[in-house]
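This report refers to the structure that appears directly beneath it.
The values are calculated or read from the model by the stated rules, or taken from the named source; none is laboratory data. Source: prediction; values computed, not measured. Cβ placement follows ideal geometry from the backbone for every residue including glycine, while neighbour counts extend to all protein chains displayed. Each accessible area value is taken on the protein alone, full model and side chains, heavy atoms only, with ligands, DNA and RNA left out. Shrake-Rupley method; radii C 1.70, N 1.55, O 1.52, S 1.80 Å.
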Amino acid sequence: MTHDGVIKPKTKRSKRFLDSRAPKLTEDVKTAMIMKGGNANQTVTQALKDIYSLKKPNAVLYKKKNITRPFEDSTSLEFFSKKTDCSLFLFGSHNKKRPNNLIFGRLFDFHVLDMVELGVEKYVALSEIKNSKCPEGTKPMLVFAGDAFETDNEHKRLKSLLTDFFRGPTVTAVRLAGLEHVLHFTALDGKIYMRSYRSVLKKSGCRTPRIEMEEMGPSFDLVLRRTHLASDDLYKLAHRQPKALKVKKKKNISHNLFGTKFGRVHMQKQDLTKLQTRKMKGLRKRKGEAVAEDQDAQAPKVVKVDS
């Protein structure tokens, strides 16, 4: 480390490591670290494993217990985040006051940005549902149902947090057969219901296949507990994009809802009298007609006077 605080690599391996951690215009896929507290029971442990199986390969699962309380002291979470380069975390714990507790959170610049605590009231494990499962790394489709996700501020942040957690990598194209995993979140009567489905394409007798949904697990009935939300200024700062990524607006070019590009062309006002039209033989004047028209034009006009 030099006097100005900049770390200079001494080997090629350390140089590659520092380059991977350096700021980028397009950030890498967000990785989540999943860990359990000092007194996690079997329900919480299995729930963390099932969510890890949905999040793989963009997740790190800690098998050892970590004695920490994120709402009281988040320094250990920030330390592990910097060590593993993770910007998302899921922490599971269990005690008499808050049984079967799950804390979803995200970090900005290796500091906690948002945390939402959810209590598990009912849980069905991935192994208990015997239907076929989706392959590892399948990008899920996220569905949020309920007015609370649009009106309540805490539910809005929870929706943004869950989208960040489960969205997976950003892709440019998607094939129809790859859309087979659906995560459905429903906010109803103060509870949040999380269901995981597998979409099956079946023959329908026409070109468009018939789609059926099969529940594959896990299934959660959650209740909202404590929250730690970032201020509006910090939240806005975390969403700021570099100028190089902002699309420059081009004049006279617009797009519709389906991505079709439209261009507007500006032209001067045309004089239609000088417009060159197509010459056709049928519209040509004969010689006799042309001579008669000339004579009529040259003849003086006679005014008829009544006597």
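A few remarks follow.
- Computed label-point distance, nm, for sites Lys269 and Arg240 using a 7 Å Cα→Cβ extension: 4.9 nm
- When every Cα-Cα distance of segment 68-153 is counted in 10 angstrom steps from zero, the calculated P(r) takes the values 13, 32, 38, 17, 0 percent.
- Over all projection directions, the Cα-based convex hull of the chain averages an area of 39.3 nm².
- Kirkwood hydrodynamic radius of segment 6-105, Cα pairs, Å: 15.0 Å
- Against the chain, whose longest principal axis is taken from its Cα atoms, helix 287-298 shows a tilt of about 70°.
- Ordered from highest to lowest accessible area with the whole protein assembly present and a 1.4 Å probe, Asp164, Asp19, Asp85, Asp114 read as Asp19, Asp85, Asp164, Asp114.
- Tilt relative to the chain, helix 75-84 - C-alpha long axis, 0 to 90 degrees, to 10: 60 degrees
- Dividing the summed helix terms, -39500 (n - 2.57) for each DSSP H run of n ≥ 4, by the number of residues in the chain produces a 222 nm estimate of -7000 deg cm²/dmol to the nearest 500.
- Charged side chains reduced to their Cβ positions (Lys and Arg at +1, Asp and Glu at -1) give the chain a dipole of some 1680 debye around its Cα centre.
- A Förster radius of 45 Å, combined with the Cβ-Cβ distance separating Lys202 from Tyr62, puts the computed FRET efficiency at roughly 0.65.
- Here the Kirkwood formula puts the hydrodynamic radius of segment 117-195 at 14.4 Å, using every distinct Cα pair.
- Only protein atoms count toward the accessible area here, which uses a 1.4 Å probe; on segment 18-174, the carbon and sulfur part of that area reaches 51 percent.
- Choice from Lys159, Lys12, Lys269 with maximal GNM fluctuation in the chain (Cα, 10 Å cutoff): Lys269
- For Asp152, neighbours were defined as the other residues whose beta-carbon sits under 14 Å from its Cβ, and their charges (Lys and Arg +1, Asp and Glu -1) total 0.
- Two numbers describe the Cα atoms of segment 122-247: Rg and Dmax, which are 17.6, 54 Å.
- For the pair Lys191 and Asn153 in one chain, pulling the backbone fully straight at 0.36 nm per residue adds 12.2 nm over the alpha carbon distance.
- Each part gets one Cα centre, and for segment 18-90 versus segment 125-152 those centres are 20 Å apart.
- GNM top mover of Gln46, Gln241, Gln276 - the chain, alpha-carbon springs below 10 Å: Gln276
- To the nearest ten degrees, helix 153-166 and the longest principal axis of the Cα atoms of the chain are 90 degrees apart.
- Modelled FRET efficiency - R0 51 Å, Glu128 with Arg16, Cβ distances, 0.05 increments: 0.70
- Taking the charge dipole of segment 186-268 about its Cα centre, with +1 at Lys and Arg Cβ atoms and -1 at Asp and Glu Cβ atoms, the residue from Asn256, Ser196, His228 reaching farthest to the positive side is Asn256.
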